[in-house]
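Undergrad: Handing you this structure, nothing more for now.
The values are calculated or read from the model by the stated rules, or taken from the named source; none is laboratory data. Source: prediction; values computed, not measured. Cβ placement follows ideal geometry from the backbone for every residue including glycine, while neighbour counts extend to all protein chains displayed. Ligands, DNA and RNA are stripped out before the accessible areas are found, and what is left, the full protein with its side chains, is counted by its heavy atoms. Shrake-Rupley method; radii C 1.70, N 1.55, O 1.52, S 1.80 Å.
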Amino acid sequence: MFHMKQIDTLLKESEKEINIYIDTLKKWQKAVNLVSNASLNDVWNRHILDSVQLYPLIPSSAKILVDLGSGAGFPALPLAILNKKNHGPLEQIILIESDTKKCLFLKEISRLLSLTVQIINQRIEKIHDLSADVITARGLADIGTLLQFSRPFIKPETICLFLKGQSVQKEIENNIIPCQIEKIKSITNSDSFILKITEVLK
């Protein structure tokens, strides 16, 4: 689907902004639990690279991306950085996060990097007035729950890009919402996958 060389090029063009993001994350982590402490020593691979591998999968026709349960901003903020630096197709990137402290962090990153993103401090299930071309999520819930959350935002052409780990096959088997699922091997972990989901029945 894409090559590591393509990802490396994208990252090099955005290295300054990403380093600001990482430095700010480490400072805030002392007061707010944004990511696991164990992952702080390998933020670049565990969080940045894991997030930006979604960028080549975003259709050139996509205008609105909605990120569910954004937490510390992965994958939405790295994608916003790449989209800005590369004059990408996305015109609106919306981050949904119910934790107020995490939303303050997301706002600080968007301010520092002059990112045009919308941050919604609300529970996902209470939002019904959004429409998305791309829906992303990472480490939030099982596939069935994510699709249930996504349904109000889905149009016929919407694609979902969910980052999943070792339990992915079991989650696929347990999902009861009709859809088309493509498994793409993650470039950061041999046990992880990107799920590209289309044709979700509303």
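Undergrad: Please determine, by comparing only the residues of region 184-202 that are over 14 Å from Q53 (Cβ atoms) and touching a strand residue (DSSP E or B) at 6+ places or on another chain (Cβ under 9 Å), which one is surrounded by the most Cβ atoms within 10 Å (Cβ to Cβ).
TA: Here is the first cut: in region 184-202, the ones over 14 Å from Q53 (Cβ atoms) are 191, 197-202.
Among the residues that remain, those that are also touching a strand residue (DSSP E or B) at 6+ places or on another chain (Cβ under 9 Å) are: 197-200, 202.
Numbers: I197: 23, T198: 14, E199: 13, V200: 20, K202: 11.
Within region 184-202, the match that is surrounded by the most Cβ atoms within 10 Å (Cβ to Cβ) is I197.
Undergrad: Among what's in region 19-34 and is touching a Leu at 6+ places or on another chain (Cβ under 7 Å) and of a type in the set (A, V, I, L, M), pick the residue that is farthest from K101 (Cα to Cα).
TA: Per the stated criteria, the residue is I20.
Undergrad: Under 9 Å by Cβ, and 6 or more places apart or on different chains, what pairs join a residue from region 120-136 that is under 13 Å from P152 (Cβ atoms) with one that is open to solvent by 80 Å² or more (accessible area, probe 1.4 Å)?
TA: Once the first residue is under 13 Å from P152 (Cβ atoms) and sits in region 120-136, its partners that are open to solvent by 80 Å² or more (accessible area, probe 1.4 Å) give E125/Q148.
Undergrad: Hand me the list of strands (runs of 3 or more DSSP E) wholly inside region 23-139 holding 1 or more residues that are closer than 22 Å to K183 by Cα.
TA: 64-68, 132-138
Undergrad: Would you check if E108 is acidic (D, E), open to solvent by less than 70 Å² (accessible area, probe 1.4 Å) and farther than 18 Å from L10 by Cβ?
TA: Numbers: acidic (D, E): yes; open to solvent by less than 70 Å² (accessible area, probe 1.4 Å): yes; farther than 18 Å from L10 by Cβ: yes.
Spelling it out, E108 is indeed acidic (D, E), open to solvent by less than 70 Å² (accessible area, probe 1.4 Å) and farther than 18 Å from L10 by Cβ.
Undergrad: Within region 153-176, track down each residue that is within 22 Å of S70 (Cβ to Cβ) and buried (at least 16 other Cβ atoms within 10 Å of the Cβ). Let's see the steps before the verdict.
TA: Looking only at region 153-176, we keep the residues that are within 22 Å of S70 (Cβ to Cβ), and these are 153-155, 158-165, 167-168, 171.
If the condition is that a residue be within 22 Å of S70 (Cβ to Cβ) and buried (at least 16 other Cβ atoms within 10 Å of the Cβ), then F153, I154, T158, I159, C160, L161, F162, L163, K164, V168, E171 are the ones that fit.
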